[in-house]
Amino acid sequence: MTAKDVDVLLVGGGVMSATLGMLLKQLDPNMTITLVERLDHVAHESTDGWNNAGTGHAGYCELNYTPESDDGNITINRALSINANFEVTLQFWSYLVEQKILPAPSKFINPTAHQSFVWGEKDVAFLRKRHELLSAHHLFAEMQYSESAEQLAEWMPLVMQQRQDGQPVAATRVEHGSDVDFGSLTRNMVSHLTTQDNFDLHLSHAVKSLRKGKNGRWRVIVKDEQSGEEKTFSAGFVFLGAGGGSLPLLQKSNIEESQGYGGFPVSGQWLVCKKPEIVQQHHSKVYGKAPVGAPPMSVPHLDTRIINGKPALLFGPFAGFTTKFLKKGSVFDLFSSVKPYNVAPMMAVGRDNMDLTRYLISESFQSHSNRVASLRNFFPDAKEEDWTLQNAGMRVQIIKKDAKGHGKLEFGTEIVAAKDGSLAALLGASPGASTAVQAMIDVLERCFSGRMATPQWQARMKELVPSYGQSLVDDAELLRTVRERTLTTLELRRD
Ligand SMILES: Cc1cc2nc3c(=O)[nH]c(=O)nc-3n(C[C@H](O)[C@H](O)[C@H](O)COP(=O)(O)OP(=O)(O)OC[C@H]3O[C@@H](n4cnc5c(N)ncnc54)[C@H](O)[C@@H]3O)c2cc1C
């Protein structure tokens, strides 16, 4: 079978491939790029608006990004780097809005204050200290803190209604937080790409196998899911942006760097309320503390969401046990991913995380009343009949060998790249879509290092992301100018 030659093959039509495609086309409009997506739409897995929480993760409200050690020390480094990475994302989106490549910001990002809310003396003390540490840094200088019930009632009326009098409560608030419809963003990016020369989109096409040829190019077999016909691509570079499907494809690539990786899938569900009289009483994201024993991705939060322009409230996520790697995947995904080289780390993770597995199974079987009872920690007046359960996307957490060769479960995102730079895969799901731009810049630096070093690409990167090559964590003045532009262009300032 003759193969179609392309410079770049993007596998999967989620936010990651779309972002990488946009960056590459901005850097070199002549590059030939093909995107293949197994479903008949792009952005219908984790990237879809209802499949994720749409939090523009900036470390403002997510308490798990500032862990507290047993001796009471709070570490803020992760929150600083996530915040700086989100600023990189906001800069690229600002550029695309200014160039009219993306539509009006409200079609995909909306200002939504980010708040953390805690109750009880111990957690109030934690939040007070967290605020002291974060607000001393320029990235978080605008974070407000209060222990006053009256102030909190103004910030989050639904949360404070009918709350027990005299209970210690505290909250932090950052006005310029955001709610992002990553589905809309991605559909807009892909629809722009399809208007460009040398870009092809193949929907309902699934990658079945990939093999590195002697000529150094990847031979990729793709099946048309509607006609059953097979096509072959010969690609100089392959990006596996297949979400939960990236791990099985990485295993098929057989690159040395894939050895030892496994996946631990976690499903998710939300309670959703679309009743206008309730929705209009809440205009923020309110994050709490994860219950003891719960994994970091099940930190509960009550959020305003704006999806396809329509406001709604979302509470969750309720994590659950699954063996599927994709929402529209197979129950055999987990078992098929067990290979001789990862069986030991996977078994070790299974053994060491029995509590987590038990927790996920018990979460899966919770009743509607139990779920609404958790919601009442955030919205004491919630009524069961106003909320419905909706399935979210899948997160495949990374299992990898640690230094001693044992298995370790990780909750972050990781890029695994072949050392010759001909293939890269994105594994993991947190902080996820918010850091897509920085993650894809990392792919460019590792896999297109020669071209990224040229004066042309360096200059172009500075136009796309003005802070490129500098540190927003260290440079307060740079952050000030960057944030001034992004908040204005993306209309993220609340009146
Ligand atoms: C419950 C939940 C809440 C989240 N909340 C947030 C949040 O608040 N903020 C945030 O920033 N991030 C959040 N995330 C993470 C975020 O959604 C993901 O990191 C991001 O959407 C991943 O994008 P992706 O492009 O890698 O994968 P996906 O969006 O999953 O896209 C992968 C695509 O690849 C396709 N595919 C798979 N296999 C193949 C194949 N063999 N051939 C061709 N195509 C294939 C799939 O059909 C899919 O369309 C959340 C995720 C979940 C599940």
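The values are calculated or read from the model by the stated rules, or taken from the named source; none is laboratory data. These numbers were taken from a predicted model, which means no experiment stands behind them. Cβ coordinates were reconstructed from backbone atoms using ideal geometry, including for glycine residues, and neighbour counts include every protein chain displayed.
Hey, can you tell me all the residues within the range 348-383 that are more than 24 Å from residue 408 (Cα to Cα), in contact with a Leu (Cβ under 8 Å, 6 or more places away or on another chain) and of a type in the set (A, V, I, L, M)?
Hits for the range 348-383 are 372, 375, 382.
Can you say whether residue 263 is surrounded by 15 or more Cβ atoms within 10 Å (Cβ to Cβ), in contact (Cβ under 8 Å) with a residue 60 or more places away in the chain and under 16 Å from residue 39 (Cα atoms), as far as the supplied structure shows?
It is false that residue 263 is surrounded by 15 or more Cβ atoms within 10 Å (Cβ to Cβ), in contact (Cβ under 8 Å) with a residue 60 or more places away in the chain and under 16 Å from residue 39 (Cα atoms).
Is there a residue being within 24 Å of the chain's Cα centre (by Cα), among the polar types (S, T, N, Q) and either more than 15 Å from the ligand (Cβ to nearest atom) or under 28 Å from residue 390 (Cβ atoms) (or both) anywhere in the range 281-302?
Yes: the range 281-302 contains one or more residues that are within 24 Å of the chain's Cα centre (by Cα), among the polar types (S, T, N, Q) and either more than 15 Å from the ligand (Cβ to nearest atom) or under 28 Å from residue 390 (Cβ atoms) (or both).
Could you count how many residues in the range 219-265 are farther than 30 Å from residue 410 by Cα, part of a loop (DSSP other than H, G, I, E, B) and touching a Ser or Thr at 6+ places or on another chain (Cβ under 7 Å)?
2
Which of the numbered conditions does residue 69 fail, given that it passes all the others? Conditions: (1) of a type in the set (S, T, N, Q); (2) touching a strand residue (DSSP E or B) at 6+ places or on another chain (Cβ under 7 Å); (3) without any contact (Cβ under 8 Å) to a residue 12 or more places away in the chain.
In the conditions (1) of a type in the set (S, T, N, Q); (2) touching a strand residue (DSSP E or B) at 6+ places or on another chain (Cβ under 7 Å); (3) without any contact (Cβ under 8 Å) to a residue 12 or more places away in the chain, residue 69 misses (2) alone.
Out of 220, 272, report the one residue that is touching a Leu at 6+ places or on another chain (Cβ under 9 Å), under 16 Å from residue 8 (Cα atoms) and either of a type outside the set (Ser, Thr, Tyr) or surrounded by fewer than 20 Cβ atoms within 10 Å (Cβ to Cβ) (or both).
None of the other options fit; the residue is 220.
Among residues belonging to the range 26-59 that are more than 9 Å from the ligand (Cβ to nearest atom) and under 15 Å from the mean Cα position of the chain (by Cα), point out the one that is nearest to residue 180 (Cα to Cα).
In this case the residue turns out to be 49.
Mind listing just one residue for me: the one in the range 234-255 that is of a type in the set (Ser, Thr, Tyr) and more than 10 Å from the ligand (Cβ to nearest atom) and, of those, nearest to the chain's Cα centre (by Cα)?
Among those residues, the one meeting the criterion is 253.
Report every pair of residues separated by at least 6 positions or lying on different chains whose Cβ atoms are under 7 Å apart, first residue within the range 25-43 and farther than 13 Å from residue 205 by Cβ and among the charged types (D, E, K, R), second assigned to a strand (DSSP E or B) and away from the ligand (no atom under 16 Å from the Cβ).
As it stands, the answer is 25/199, since those pairs meet every condition given.
Just checking, does the range 385-399 include any residue being buried (at least 21 other Cβ atoms within 10 Å of the Cβ), part of a loop (DSSP other than H, G, I, E, B), away from the ligand (no atom under 16 Å from the Cβ) and at pLDDT 80 or above?
Scanning the range 385-399 turns up at least one residue that is buried (at least 21 other Cβ atoms within 10 Å of the Cβ), part of a loop (DSSP other than H, G, I, E, B), away from the ligand (no atom under 16 Å from the Cβ) and at pLDDT 80 or above.
Return the total of residues in the range 121-167 being at pLDDT below 95, out of contact with any Pro (no Cβ under 9 Å at 6 or more places or on another chain) and part of a loop (DSSP other than H, G, I, E, B).
3
If you take the residues in the range 179-200 that are β-branched (Val, Ile, Thr) and within 14 Å of residue 35 (Cβ to Cβ), which one is farthest from the ligand (Cβ to nearest atom)?
Result: 195.
What are the residues in the range 449-465 that are over 30 Å from residue 51 (Cβ atoms) and buried (at least 19 other Cβ atoms within 10 Å of the Cβ), if any?
Correct list: 461 only.
Quick one: what pairs do we get from the range 414-436, first residue in a loop (DSSP other than H, G, I, E, B), second among the aromatic types (Phe, Trp, Tyr) and at pLDDT 95 or above, C-beta under 6 Å, 6+ apart or different chains?
Once the first residue is in a loop (DSSP other than H, G, I, E, B) and sits in the range 414-436, its partners that are among the aromatic types (Phe, Trp, Tyr) and at pLDDT 95 or above give 422/237.
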